[in-house]
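> Got a structure here, written out as structure tokens. Questions coming.
The values are calculated or read from the model by the stated rules, or taken from the named source; none is laboratory data. Keep in mind that this is a model prediction, so the values were computed, not measured. A quick note on method: Cβ atoms are made from the backbone with ideal geometry, for glycine too, and the neighbour counts reach across all protein chains shown.
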Amino acid sequence: MRPDMRRGLKRLIAILDGTPPPDGKRQRGQSTVELALVTPIIFILLAGMVEVGWFANNFLILLEASRVGARNATVLEGDQSVLSWDEDFSFAPVRHLNPNLVDRADWPVPSSLGLQDSFYNCRAAEDFFRFYNLVACIVQTSMDPLEIRDGNGAVDSDGNPVAIDDIVISAFAVQMIEDDDGAGTGDMDVPGKSAGFHPVVVGRYPTTANECNAEPDPANPGSIRPIQDSGRDPFDFDVSGGRTVSGVSGANFTELEGFDAINSWEGGVSSVNVPERQRGYVWRGQHLISDNSACVGSEFTIDEIEELMAINNFEFDSNAAIQQDERSYLPNQGIVLVEVFWEHELLTELGFNPVLTAIGSERAEVSVWAVFPLPAIRPTIQFE
């Protein structure tokens, strides 16, 4: 090392170390050097704190908005009841769908596109407000100043969807049922359940948009294929065939496998050969289900709802017989589930931002949900 460089290094160390000079005079420049080293670190910490606060604020806004929507859904009745919803308008307008959704050619389209636009417009006349679109508009109003960004099916320069925000609303009828595993004539046999009392989803609404039983076909890129083991239909819960059920329509018990007739308004012909690709009512259809690029909508399956309603974390009696007796008193319930999916963007796009470094190039999607009672669809099925 050159002598002048060596002297400069020793001088810097002496300043930082606070070593008193031989002549007893004060070292100058120590504060300046320390400030130069510490300032970038302070900026990084402040940027991180600001971003964490920004994220927390947005998360709480979205969570409260989902709760407000679900809470208002609880009391809707009459023409705005979930049972009065026009199923023709359960499917998101095709022009809003996520551009990465595989094979949109067969997406159900109602006979009146103009009327569909009114159902998906929060500024439309009140005559078009029914259950799902009213709840979705309440959620959006409660999100202010945040908003659901509409990508209109467009992609950016990298081929990614311009927007992935969405609101998804589902309603469930949950009944406590004693599963006897088909031990005798007329006994109830619930798919996938052991003997005893269980909360069972006996209906999921909208009725024409309540399943995802399609996936991309690897043999034919750009096409889809049915998922044969995608689970039971939400309205089919008895595999024994030994019960007479009253209080519900027999038409609900036509398929433990297969698909619902979802295109009855297209030429007046129903088809059970078309896989279902939307789970729940969706506002824009921009959220793909668990990276399954063939379906949009809710992340919740009926199995997850049954697990949620089973309250397994509640401390029941350790005695199995007594526990089943306690579970038999759990009530039948109707519930509404509101999910909000929203892409979080950083407040500061600084290159040295630690939050930006942690996220990397991935899109940060915030997902929140809320569940509230929905008395309008509380099941009252009787088994004879």
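> Of (1) modelled with pLDDT under 85; (2) buried (at least 20 other Cβ atoms within 10 Å of the Cβ); (3) assigned to a loop (DSSP other than H, G, I, E, B), P234 satisfies all except one. Which?
(1)
> With the structure loaded, tell me whether L134 is crowded, with 16+ Cβ neighbours inside 10 Å, touching a Leu at 6+ places or on another chain (Cβ under 8 Å), in contact (Cβ under 8 Å) with a residue 40 or more places away in the chain and in a loop (DSSP other than H, G, I, E, B) or whether it fails that test.
On the way: crowded, with 16+ Cβ neighbours inside 10 Å: yes; touching a Leu at 6+ places or on another chain (Cβ under 8 Å): yes; in contact (Cβ under 8 Å) with a residue 40 or more places away in the chain: yes; in a loop (DSSP other than H, G, I, E, B): no.
No: the conditions fail for L134.
> Which one is modelled with the lowest pLDDT, of the residues in region 90-115 that are assigned to a loop (DSSP other than H, G, I, E, B) and of a type in the set (G, A, S)?
Looking only at region 90-115, we keep the residues that are assigned to a loop (DSSP other than H, G, I, E, B), and these are 90-93, 97-112.
Of the ones still in play, those that are also of a type in the set (G, A, S) are 90, 92, 105, 111-112.
Details: S90: 87, A92: 88, A105: 76, S111: 66, S112: 69.
Looking at the filtered set, the residue picked out is S111.
> Could you check region 286-298 and list, in sequence order, the residues that are more than 14 Å from I164 (Cα to Cα) and modelled with pLDDT of 95 or more?
Those that are more than 14 Å from I164 (Cα to Cα) and modelled with pLDDT of 95 or more: none in region 286-298.
> Looking for something in a helix (DSSP H, G or I), in contact with a Cys (Cβ under 9 Å, 6 or more places away or on another chain) and crowded, with 19+ Cβ neighbours inside 10 Å - is there at least one such residue anywhere in region 116-131? Break it down into steps so the answer makes sense when it comes.
Taking region 116-131 as the starting set, the residues that turn out to be in a helix (DSSP H, G or I) are 116-119, 126-128, 131.
Now narrow it down to the ones that are in contact with a Cys (Cβ under 9 Å, 6 or more places away or on another chain): none.
There is no residue in region 116-131 that is in a helix (DSSP H, G or I), in contact with a Cys (Cβ under 9 Å, 6 or more places away or on another chain) and crowded, with 19+ Cβ neighbours inside 10 Å.
> For region 176-197: of the residues being crowded, with 20+ Cβ neighbours inside 10 Å and in a strand (DSSP E or B), which is modelled with the lowest pLDDT? Give the steps one after another, and end with the answer.
Kept after step one, since they are crowded, with 20+ Cβ neighbours inside 10 Å, are these residues of region 176-197: 177, 179, 188, 190.
Among the residues that remain, those that are also in a strand (DSSP E or B) are: 177, 179.
On the way: I177: 83, D179: 70.
Per the criteria, the residue is D179.
> Using beta carbons and a limit of 7 Å, which pairs, at least six apart or on different chains, have the first residue in region 191-220 and on the phi > 0 side of the Ramachandran plot and the second one of a type in the set (S, T, N, Q) and at pLDDT below 85?
Qualifying pairs under 7 Å: G196/Q324.
> Here's something else I'd like to know. Restricting to region 278-326, give me the number of residues that are in contact with a strand residue (DSSP E or B) (Cβ under 9 Å, 6 or more places away or on another chain), among the aromatic types (F, W, Y) and either exposed (fewer than 14 other Cβ atoms within 10 Å of the Cβ) or under 23 Å from V201 (Cα atoms) (or both).
2
> Is it the case that A70 is assigned to a helix (DSSP H, G or I), aliphatic (A, V, I, L, M) and surrounded by 13 or more Cβ atoms within 10 Å (Cβ to Cβ)? Write out each step before concluding.
Details: assigned to a helix (DSSP H, G or I): yes; aliphatic (A, V, I, L, M): yes; surrounded by 13 or more Cβ atoms within 10 Å (Cβ to Cβ): yes.
Criteria met by A70.
> Would you confirm whether any residue within region 337-355 is surrounded by fewer than 20 Cβ atoms within 10 Å (Cβ to Cβ), at pLDDT 75 or above and within 14 Å of the chain's Cα centre (by Cα)?
Yes, there is a match, as at least one residue in region 337-355 is surrounded by fewer than 20 Cβ atoms within 10 Å (Cβ to Cβ), at pLDDT 75 or above and within 14 Å of the chain's Cα centre (by Cα).
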